[in-house]
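Shown next, in C-alpha cells, is the structure this report addresses.
FYI, it's all coordinate maths here, none of it is from the lab. What you are looking at is a predicted structure, and each value in this text was computed from that prediction instead of being measured. Cβ placement follows ideal geometry from the backbone for every residue including glycine, while neighbour counts extend to all protein chains displayed.
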Amino acid sequence: MKGYVSKPLPKSCDLCGRTFDPTTAGFYDARLDGRWGDYCRECFSRHYGRLGVGFGQLYQLDKSCGLYVQTAGGSTTSNKPKPSIFDLEDL
Ligand SMILES: [Zn+2]
C-alpha cells in the first residue's frame, strides 16, 4: 500500500514474550511503561496503551502483501496524508 507505513510481523511481544502467530491480525508498536516495543493487544490494553503520534500505532495484517500496515495512531492515518518522498512521482 503506497504511502502507508508497513512492516513485517515482529517475532514476539516485547512485554509478555508471547510469540506472534503468522495469522495474528495485528500488533501495537507503542510505548508502554516508558518503553517502546512491539506489543500484543492484551499487553497494550492491560497497560493502558494509547494510540497517537508519540504514544502508539496499530498495525494490521494486509493479506494482499503479508505485511502489517499502520492503520491507527500515526500521522499517516489522518484524512489528508502528507505526501512522502515515495509519492513524488505522482505530483
Ligand atoms: Zn504481550
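A few comments on the model shown:
- Local net charge near residue 37, Cβ-Cβ under 15 Å (Lys/Arg +1, Asp/Glu -1): +3
- Per-residue extension of 0.36 nm, minus the Cα-Cα distance of residue 50 and residue 31, leaves a gain of 6.0 nm for this segment.
- Under Karplus coefficients 6.51, -1.76 and 1.60, residue-wise ³J(HN,Hα) of the stretch 55-66 in Hz, glycine/proline x: 10, x, 10, 9, 10, 10, 5, 9, 5, 5, 10, x
- For the stretch 6-11, putting each phi into the Karplus relation 6.51 cos²θ - 1.76 cosθ + 1.60 with θ = phi - 60° gives couplings of 9, 7, x, 5, x, 5 Hz, in residue order, rounded to whole numbers and with x for Gly and Pro.
- Cut-off under 5 Å, modelled amide H: who pairs with residue 15 long-range: 40
- For residue 9, distant residues with modelled amide H under 5 Å away: 68
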